[in-house]
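The values are calculated or read from the model by the stated rules, or taken from the named source; none is laboratory data. From a predicted model like this one, the values you see are computed outputs, not experimental measurements. Every residue, glycine as well, gets a Cβ built from its backbone with ideal geometry; the counts of neighbours run over all protein chains shown.
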Ligand SMILES: Nc1nc2c(ncn2[C@@H]2O[C@H](COP(=O)(O)OP(=O)(O)O)[C@@H](O)[C@H]2O)c(=O)[nH]1
Ligand SMILES: Nc1nc2c(ncn2[C@@H]2O[C@H](COP(=O)(O)OP(=O)(O)O)[C@@H](O)[C@H]2O)c(=O)[nH]1
């Protein structure tokens, strides 16, 4: 089902229930762009280390907006031996909720936007009806603002004056004396009179409002309720009301309830992510590193400096992740699956030796039709990802004696695939290992070459023409990794370049060492 | 009328005709945001110099996208003493048009997006059907790409090999020899055979395609046409056809025509801006500095480093500009117009002493209804701006003897308002003067104060409490301009601060001098 700002609040219990009852969850995100820095192929260089890849994605991909989030929950129905799924497609947008809320800036990449536009993506739904969100720091700040206000109002003091300031007269600057004098006169009138219970002051500046609050607290510590409201013209003005103690308390409580609701609304979609996190359920995604990074960045906290800290944060937020692209690229699947892109994978897993999974959508939830593709709606992609996971998990059951046709998410058979996120286009490190150090394959056949901007791939082929087969991975305009087929040629190549002026060749090991030295310096 | 990618080409002649016949043009732009840096009030500090303001807008406002452009043309009809207007509302989006086209990244500011969403702005129209554009540098590059290709193909050589390289054999690297060998065999078959006229090669890498082109040019300089095409799966492959000279020429011409059309499509909306510029007509806008900066930035060139160069570029692109906000803030209007915001100005100018202008929309063009507001569609805002200009211009006619009720755009009476762009919220410099140096009012009652981050406006009031009325203009968290009512107090304030540790006061003149020294260093 589609969830926007209009139906978010009423849908939330359904979302919570779906997460609660599920055996596993599948997620997918759509973003406003991929890379605001290097070209995508330079962003994903074949010889990136996991640390380098993390740093590049953090630097060049986090200013985009995750504006559609797909969640599909899967619950196994033992009676009918099938999964029951509930799919949600959330539209997300950081709508500012009040004057002091963060005014988020995000980047759009025209190729990504154009791609989504061609898929029939509804941008109006995002921008006009997207659900807002706060990360944990923003939520904390907002909560604090409210709490400080609540406390101070309960004690009839304002947040920004020290606790005993109400005992000392307010220091009203010369040019404000007349203004404050007029307000005091009006309040005296109000207190003397019988008919009127409230007094609307003229709109004024924030500084003047502060002076009014201070003056009222000092001169009339009891019997008055002072409140700032916004007019239709967006001007802020103060209403002063005569109240007895009971009425004052009631007004206070009303305000507290209103503010709690405002807070909940502002936290918005992050509550869904909190629920996923708190459930500690298995979360499945396809090629999900960027999805995980965006989700943490947007709804939890700024991404940490170092990859190691990122791994810690991620395992706290999502204790069990499974990446279907990594799974499909690993044995026993690797040999029988040629193309691991989501659409192709889903098709492949319908045929032998795999079995298409039995999945029905829950009552009251729309079903997706996998024969008429709707790829690139996040909810649909999450659904397909879940299907792929089920097929592959069940396939593992065929190796048991006796074979089992259903493998549950808690089976030891799928343990080896947990918490390994697919690393796109890295030659020799298939995944980011969230549970410990990453693989460190030898790269003793790899050279780092720097050269003039004018060089093309053909110049590199020419340079290494004596060494047979080579493979070029561009880093930027003036450098590339070149891998040779024979590691023992590496030293020869480095030696022959010793006196070259226009280019420079070093071993991968030397390159890494220099880079680390530079980082320290 | 609404113009999108779907009807742009067929609408262009109408747009050109409207510009051609008009007496003056009114424009307005909608952007994806205003400031990606300081808050809007810090972006428009009251004591900015024109140079500082230009630098801030350039730095903090140009990464947004101008995605809707309103153009309203006005032509005076002497017979009926009324204006005939044609209004166009263009949707604009940098859709990438081929593999090598720039992949534009632009920033969105959630408050601006939310504002437009509330006005019913159609983002889908922008992103799905926006008209593309190129600035002059991008256009030049694309044209060059095509021209190089055309020439080289005409002469049967490729762009990236030197003119005589076709006389020397191609240097095919070892690992590509087999691949190229197979291609040559297939071509020999093609040339020998009678039945087949074309040969589709398998998809291959760009480097391999280059080798194929080079090899073909060298081995078969005549009688073959080699072309790269893209399959439905977006894979690029080469088609080789046997051709006689006539057929080859015809194919070449077809390709030239196709490429010229591609180029025109890519230049897209910029052609409208070129037409406006070439017409040298009076262009009217309301508070138009940002519109002008965005227009030049997006459709002409990167904004120059210095304000002076910007003025030169602007007067080249738009020789006559008139800002209705500046006009309304200048005598004789200043005294009779309280609120110069566009909507309020339009209302005010319907009443005495002004006369609502007589304007009808041209046949076949939809008319706007100013009583049911549609503000913030760019085409409507441009229309309203034009109305305001006409009313104010005609009002100037009432000072003539005998009074005139219609004042044309070429009248000397409006000359004083040309090429002065309103400077928002600057205290003492009403406009940016495009035709020469800017006003340099004395600022000898202004102080620059720096202080700890914790300070609030009230701390500044307190600090200056001895000096009567002050005015605070925040620069950032730790500095502000404070203006005193009496210039002779300035030196006293500076002196008393001499031994202060937490804060620092300097005169405006000293502040400017230090800043210039720092800029030089
Ligand atoms: N000097 C030079 N740099 C190149 C060349 N090809 C690629 N690069 C650089 O390497 C980066 C990645 O290139 P590539 O892998 O071909 O991907 P692409 O930019 O997406 O086509 C580019 O952004 C360039 O900075 C080349 O022929 N010469
Ligand atoms: N330290 C401090 N800085 C302030 C205060 N008020 C404003 N500023 C700074 O001045 C900038 C402009 O402030 P202001 O003119 O009030 O506009 P606003 O930020 O849009 O509300 C802000 O972005 C802050 O960096 C204050 O009370 N204390």
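The table below gives the values:
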{"item": "Residues of the range B:73-96 that turn out to be facing chain A (nearest Cβ under 10 Å) and either buried (at least 23 other Cβ atoms within 10 Å of the Cβ) or closer than 30 Å to residue B:22 by Cβ (or both), as a count", "result": "3"}
{"item": "Considering residues of the range B:97-117 that are within 7 Å of chain A (Cβ to nearest Cβ) and under 21 Å from residue A:39 (Cβ atoms) only, the residue modelled with the lowest pLDDT", "result": "B:103"}
{"item": "Qualifying positions in the range B:58-76 - within 16 Å of ligand 2 (Cβ to nearest atom) and closer than 15 Å to residue B:112 by Cβ", "result": "B:60, B:61"}
{"item": "Out of B:120, B:130, sole residue that is within 14 Å of chain A (Cβ to nearest Cβ), on the phi > 0 side of the Ramachandran plot and at pLDDT 90 or above", "result": "B:120"}
{"item": "Output for the range A:6-49, where each listed residue is assigned to a loop (DSSP other than H, G, I, E, B), in contact with a strand residue (DSSP E or B) (Cβ under 8 Å, 6 or more places away or on another chain) and within 16 Å of ligand 1 (Cβ to nearest atom)", "result": "A:33, A:34, A:35, A:36, A:38, A:45, A:46, A:47"}
{"item": "Filter result (crowded, with 22+ Cβ neighbours inside 10 Å and farther than 20 Å from residue A:294 by Cα) within the range A:16-46", "result": "A:18, A:22, A:24"}
{"item": "Complete set of residues in the range A:434-483 that are under 34 Å from the mean Cα position of the chain (by Cα), farther than 16 Å from residue A:507 by Cβ and within 14 Å of chain B (Cβ to nearest Cβ)", "result": "A:472, A:474"}
{"item": "Only one of B:345, B:282 that is touching a residue at least 60 places away in the same chain (Cβ under 8 Å) and surrounded by 14 or more Cβ atoms within 10 Å (Cβ to Cβ)", "result": "B:282"}
{"item": "Single residue of the range A:443-462 satisfying the filter (closer than 22 Å to residue A:50 by Cα and either crowded, with 17+ Cβ neighbours inside 10 Å or free of Cβ contacts under 8 Å to residues at least 40 places away in the same chain (or both)) that is farthest from ligand 2 (Cβ to nearest atom)", "result": "A:445"}
{"item": "The one condition in (1) away from ligand 1 (no atom under 16 Å from the Cβ); (2) over 30 Å from residue A:349 (Cα atoms) that residue A:451 fails to fulfil", "result": "(1)"}
{"item": "Residue match in the range B:405-425 (condition: within 28 Å of residue B:289 (Cα to Cα) and more than 36 Å from the chain's Cα centre (by Cα))", "result": "no"}
{"item": "Selected residue [more than 16 Å from ligand 1 (Cβ to nearest atom) and either more than 24 Å from residue A:171 (Cβ to Cβ) or in contact with a strand residue (DSSP E or B) (Cβ under 9 Å, 6 or more places away or on another chain) (or both)] from B:442, B:456", "result": "B:442"}
{"item": "Criterion: under 30 Å from residue B:67 (Cβ atoms) and more than 20 Å from the chain's Cα centre (by Cα) - qualifying residue of A:114, A:103, A:80", "result": "A:114"}
{"item": "Search result, residues across the range A:272-292 that are touching a helix residue (DSSP H, G or I) at 6+ places or on another chain (Cβ under 7 Å) and within 16 Å of residue A:139 (Cβ to Cβ)", "result": "A:272, A:273, A:275, A:277"}
{"item": "Residue check, residue A:152 modelled with pLDDT under 95, more than 14 Å from every other protein chain (Cβ to nearest Cβ) and either surrounded by fewer than 21 Cβ atoms within 10 Å (Cβ to Cβ) or outside any helix (DSSP H, G or I) (or both)", "result": "yes"}
